[in-house]
Amino acid sequence: MKIIESHPGVPLVKHLKEVAKNCSTIAIKNTTNFGFDKTIKSDLLYICGFYHDIGKATSYFQNYLRIPDEPHNSLKNHSLPSAVFVFYVAQEYLKNSGLPVDLRFLLCVICFIVVRRHHGNLGDFKNELGINNFKEDLQKQYISIPKDAVQDIIEICNEKLNISVHWEDFIDWFEDDGFNKETRLNLVEFYNLNFKKKWGNSKKSETYYLFLWMFGCLLLSDKSDVILSGNFPEIKNLDLNYLVSFRKDNGFEKPSTTINNLKNDAYFSVIESIENKFAPINHFYSISLPTGLGKTLTSLGAALKLKELARLQEGKIIIAIPFTSIIDQNYEVYREVFNDPDTSLLLKHHHLAEPKYKESEDTVRDSQESQFLIETWQSSVVVTTFVQLLECLITNNKTKLLKFSALSNSVIILDEVQQIPHPLWEVIRQALFSIAEHLNCYIILMSATQPLIFKPEEEITELVKNHHYYFTFFNRTRLINKAKESISLDSFIELIIAFCLNNPEKDILIILNTKKSTLETYRNISTVFDSKKDEVFYLTTLITPYERKRIIEKIKAKKRDNRQIIVSTQLVEAGVDISVDTVFRAFAPLDSIIQAAGRANRYDEKEEVSEVFIYKIDELEKVTGFIYGADLLKKTENVLKYYDTIEEKEYLHLIQNYFEQVKDLSEYSENKYLKSLLALNFEETGDFKLIEATKTESIFIGLNKKAKKVWTEFVALQENDKLNTFERKDNFASIKAEFYDYVININIPFKENDIGLPMEKTHGFYYINLEEQKTPIYNCNKDFSQNKEGYIYQGINVLTF
């Protein structure tokens, strides 16, 4: 008899046993609470894993495996026949479980759906049981499966779960219309009774996350067997000693300055608070500290201590950060703490992260395994983006859900949490409540400007004892409110130039809300201050990441006798560790203004208080409302209208007042994603995006020799006919980070189809070679120096079309 295969050369029974074993392992390791016994949870996942591909036993699929290049009809598809059999087995298994009828039915439906969709995305719950259009196909598929061979496979599961399932009984059940129109009607009745009438939000949300957990477990188990063949890395267990040793070796416990003394006090305050306030039922904590007080290491210490107290031996620490620039910066700190660790201990995951999984100095997994291990967060500490984390919580997407089970037993740090858009507060609040309760997660929200996503001291515990003291201690900056009346951009530029002339020793940062206004301001200022003593910098996304990094390096390496004038958009407000004397900030929401103030006198090193001037600019009013939302700007006006000058010690009161008003906005915002989550409308939750996509065109700038080399490699990859789509993607991953160092994205103007460049795109990108450029698309100040990397432009590069 021919061996039934799941993949070329792989016996089906071998694959099913491995996937089922992986499912059981995850179910046992994950601490979950979904209102039924953990043995039932584990056994149901085992059933899903063991039978998820039983439909591959059809002659139609086996013929497809043998001769894949010939045309085949839909009878080769295996997910639906597998799912119907799983529904039957789950029914048989749960018959004597003692669970209520409604819960048994729900669990059978979940098992059916996660198997049916394991090669796609989850569909809306109430539509998923319809199979009447496929009855004829299913009958042909089942008849084509060899009875004795499939029964031999079934007996393995029977023995494992101590049940008695027979293929012939299943066929009789199916032919007697066991899975019939009534099953579908039962689902509709169940949905209308429970989701529309009986259940509250917490029960609906529990069901949503049970779906996501079971679906994610099956996906991870299946892919793991195909990609890793059981060769999982060994994930190390962490404790606080790593950080204790690092702090001791680097003199943290013997601070020599006032600010370092405060950092030390804050750190020990947090550790002591956790020891005193921790209880297994308290899942939410906050760390509220001003800018520059060491939140990165303090939060890591808090997470390690929480992990110890909650006994999360195999749990991860997941650190989510809004911007990749901060990720890269903080990752280097963690790398030092853990002494240049392997990826199994410390992992960085964002769309431009290096796609290499290192298990030791000499052992690196191949590209497919590396990508899979990184994307499924196989590490003790994961440093990632808000997008990667939060879009995994509100989704139907199989790729995003591969890492969902990694959340169980984890400590999650949300850094700069104020960056979460307020219209999404309610759905994210519900998501975080659910994973905390059902996946045993502990969550730390960290910010200098703590938003009111959770009710202070009622739903979330502040870990910094007397945190108000740290905000009142400093007198580093003061806000000067000039926004009660608006001025023109020309007047704004003139008063900045006058200020710079009158204060020749002061480093100045100017933050505007659009690239166009920033560019105009830079051009005017740079013509006035064109000398060796004044360094004028331009920082926006109109210049490549390669140049931005080098400009920031140059700002940090300031020459003692030089004065710096920096013109930037809001990108400088988070993750850019600079300290100037004076800030000019175009009007923005209050949390952005406070973040801007954090770029002045950051380490209390200036001789006098730094002033942060806030101006409302006529030309920017409309676009500022579009960028930030008119409601947030109005709330900021309400908070600031009674002030001309605000000292730093008043910032905390100011921001609390602001966020109380923003909370009202969040509660009354129309939240379609929360509604779709609570209705199990998975297709709509699949549209959830933390950051709304905009229409853009991508331009690759041939800036230097390195850039031209990586562009040539990219084109060669795209035009290599010997590579298929997946191989191209795989090979591109190795140069992706360097490639995007030279890419800028330009928004397509309203009602336009493109950005109007006088050239054709090459493989999705416009390419600009600066040396061959005949029209002024990307201009360079020709103040550059030659070094081993090619040309590094020290002047300003801008688009001028």
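Data overview
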item: Values of log10 I(q)/I(0), in the order q = 0.07, 0.08 Å⁻¹, for the chain under a Debye, Cα-only, solvent-free model; result: -0.60, -0.78
item: Set of lysines near K95 by C-alpha distance (under 22 Å), chain-local residues within fewer than 8 positions excluded; result: K38, K41, K160, K181
item: Relative contact order of the chain, defined on C-alpha pairs under 8 angstrom at six or more residues apart (%); result: 13 percent
item: Packing-based exposure ordering (other Cβ within 10 Å, fewest first) of D362, D604, D102; result: D362, D102, D604
item: Packing rank of 269-279, 404-414, 381-391, where each peptide gets the mean count of other beta carbons within 10 Å, highest leading; result: 404-414, 381-391, 269-279
item: For the stretch 5-228: Kirkwood Rh in Å [reciprocal of mean 1/r, alpha carbons]; result: 17.9 Å
item: Proximal lysines relative to K506, as straight alpha-carbon distance under 25 Å, when same-chain residues fewer than 8 apart are discounted; result: K482, K515, K532, K533, K549, K554, K556, K558, K559, K606, K616, K649
item: Among 226-233, 78-85, the order from most to least packed when residues are scored by Cβ within 10 Å on average; result: 78-85, 226-233
item: Unit charges at the beta carbon, dipole of the chain: most positive-side option, C217, N237, F529; result: F529
item: Given K316/K400; K56/K356; K709/K729; K358/K729, the pairs whose alpha carbons are separated by over 23 Å; result: K56/K356
item: Summed residue charge, Cβ within 11 Å of W213's Cβ, Lys/Arg positive, Asp/Glu negative; result: 0
item: Evaluated at q = 0.15 Å⁻¹: base-10 log I(q)/I(0), Debye formula over Cα of the stretch 241-470; result: -1.02
item: Protection proxy ranking, peptides 63-73, 703-713, average beta carbon neighbours within 10 Å, highest first; result: 703-713, 63-73
item: Sparse-neighbourhood loop sites, chymotrypsin sites (Phe, Trp or Tyr not before Pro) in the stretch 561-662 - DSSP loop, at most 10 other Cβ within 10 angstrom; result: Y642
item: Structure-based [θ]222 nm, the chain - -39500 (n - 2.57) summed over DSSP H runs of at least 4, per residue, nearest 500; result: -14500 deg cm²/dmol
item: Those GluC sites (Glu not before Pro) in the stretch 572-616 that DSSP places in a loop and that have at most 10 other beta carbons within 10 Å; result: E605, E607, E608
item: Rounded to 5, percent antiparallel among DSSP beta bridges of the chain; result: 25 percent
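Any read-out appearing in this document is the output of simple, stated calculations on the displayed coordinates, not a laboratory observation. Computed from a predicted structure; not experimentally measured. All Cβ positions, glycine included, derive from the backbone under ideal geometry; neighbour counts span all protein chains shown.
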